[in-house]
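Here's the structure we're looking at; comments come further down.
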Amino acid sequence: EEWIKDFSVRRNLGSDENKVVVFYNNHKWEDTTYIPWLLHPRKIEKIHIDWRSPESYMTYPSKAANLKSPFMVVVNRIADALEEVILSVPPRVFFIQGDEWLSWGHQSFLLALQKKGTLILRNYNNPALEFLPASKPNQNAPCGVRPAIVYPTGLNQNKFDDEVWENTDFMEAIASKAALTPISKRRFSVSFIGTVRFNRKEMVDAFAQVPHQGPIGRWNSSEVIKVYSNSKFVLNGRGHHSLNCFRLYETFMSGAIPITLGNSVEGAYTYFFGPLSDGKPRGVDPKTLPWIVVNSYSEGADKVKQLLDKPEELDMLQNRMMDWWERTICLMRKYIHEALSDTCRLSQ
């Protein structure tokens, strides 16, 4: 609760002794933007490793072993050869990006990391993949077992100017409802910025009759947050491989209300974020989510038309959604900072 209610609780993490080293690949937006934001206000030292190059990733053990600061590893693919290399010097935090590609493969590697005390953060909640249950230190796991965490996809750097990402105070502000324009006072009823692919045309057509629309279709990417911050609702089509999509989180950060498909088993697992404390896959009841979750886009359009005439109800929905978002992000940060602050020496 302290993490949620008082951002000042984290400010003492900004000292030199709380520095964290991040091994990263430098070709994904998360490496340079989203992860530093989650680690804020810790000071960060970045070490570039090309996880696709044996010549590069074979330097990891020696570099990691000589570090005095806690460190985390960020990857977006796990090659078989990487498993032994990373297990030789386990990181405090192992952050897997875009792991919709990762299903049953590498499960034994992830379980081995858990046994060594590493916190694992996964981007996609795969209902077929089980982890170890969380436990206190014991003979088999000297540092205990930290739960695997399913974390929100995050934001696409292209939607902000570089100077915005570097302004951590601004990033903190837009992550809280205090800085947001109330839904009832926004100009656009509904917006969607992106390519209207064949599987998104039905979505766009269903909302064609909703009045006071904002931009729909391709747009200047740097204007996305400005548009969404002035929109009541944002359409969210499927991502490349699941219901999960960058746009959902861009919508949260803008304080607009997402409209998503997913009143189903797939939706239940897609929209779960947090610890898998018992190691078992978990889902949520989509009806409990603080945004619009529907079975069809036509149903979504009808719902939006009804809500547009109820400004007080819209503002209440926005407040519920932002409370949920703040708690979700604070929970991610809490687990990460606890893992980085633990004095236990990870087993090798």
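Worth pointing out:
- Long-range neighbours under 7 Å by Cβ, at least six apart or interchain, first residue more than 14 Å from SER231 (Cβ to Cβ) within region 314-330, second charged (D, E, K, R): ASN319/LYS177; MET322/LYS177
- The set of residues in region 193-234 being assigned to a strand (DSSP E or B), open to solvent by less than 10 Å² (accessible area, probe 1.4 Å) and out of contact with any Pro (no Cβ under 8 Å at 6 or more places or on another chain) consists of GLY217, SER231.
- Of the residues contained in region 158-170, one or more are found to be farther than 30 Å from LYS305 by Cβ, part of a helix (DSSP H, G or I), open to solvent by less than 40 Å² (accessible area, probe 1.4 Å) and at pLDDT below 85.
- Filtered by the rule that a residue be aliphatic (A, V, I, L, M) and touching a helix residue (DSSP H, G or I) at 6+ places or on another chain (Cβ under 7 Å), region 126-147 gives LEU129, LEU132, ALA141, VAL145.
- Within region 71-88, the set of residues being open to solvent by 10 Å² or more (accessible area, probe 1.4 Å) and either under 15 Å from ILE336 (Cβ atoms) or touching a helix residue (DSSP H, G or I) at 6+ places or on another chain (Cβ under 8 Å) (or both) comprises PHE71, ASN76, ARG77, ILE78, ALA81, GLU83, VAL85, LEU87, SER88.
- Out of LYS115, LYS68, LYS43, sole residue that is in contact with a helix residue (DSSP H, G or I) (Cβ under 9 Å, 6 or more places away or on another chain), of a type in the set (Lys, Arg) and at negative phi: LYS43
- Conditions (1) surrounded by fewer than 16 Cβ atoms within 10 Å (Cβ to Cβ); (2) touching a residue at least 12 places away in the same chain (Cβ under 8 Å): number failed by LEU276: (1)
- Among the residues of region 108-151, those identified as under 21 Å from the mean Cα position of the chain (by Cα) and either charged (D, E, K, R) or at pLDDT below 85 (or both) are ARG122, ASN123, TYR124, ASN125, ASN126, PRO127, ALA128, LEU129, GLU130, ARG146, TYR151.
- Residue tally, condition touching a helix residue (DSSP H, G or I) at 6+ places or on another chain (Cβ under 6 Å) and open to solvent by less than 70 Å² (accessible area, probe 1.4 Å), over region 319-331: 3
- Counting the residues of region 299-318 that are part of a helix (DSSP H, G or I) and open to solvent by 70 Å² or more (accessible area, probe 1.4 Å) gives 8.
- Pairs are defined by a Cβ separation below 7 Å, a sequence spacing of at least 6 or placement on different chains, a first member in region 281-299 that is at negative phi, and a second member that is open to solvent by 30 Å² or more (accessible area, probe 1.4 Å) and of a type in the set (Lys, Arg); the pairs so defined are PRO290/ARG320; ILE292/LYS303; VAL294/LYS303.
The values are calculated or read from the model by the stated rules, or taken from the named source; none is laboratory data. Computed from a predicted structure; not experimentally measured. Methodologically, a virtual Cβ is constructed for each residue, glycine included, from the backbone with ideal geometry; neighbour enumeration extends over all protein chains shown. All accessible areas refer to the heavy atoms of the entire protein, side chains included, with ligands and DNA or RNA removed. Shrake-Rupley method; radii C 1.70, N 1.55, O 1.52, S 1.80 Å.
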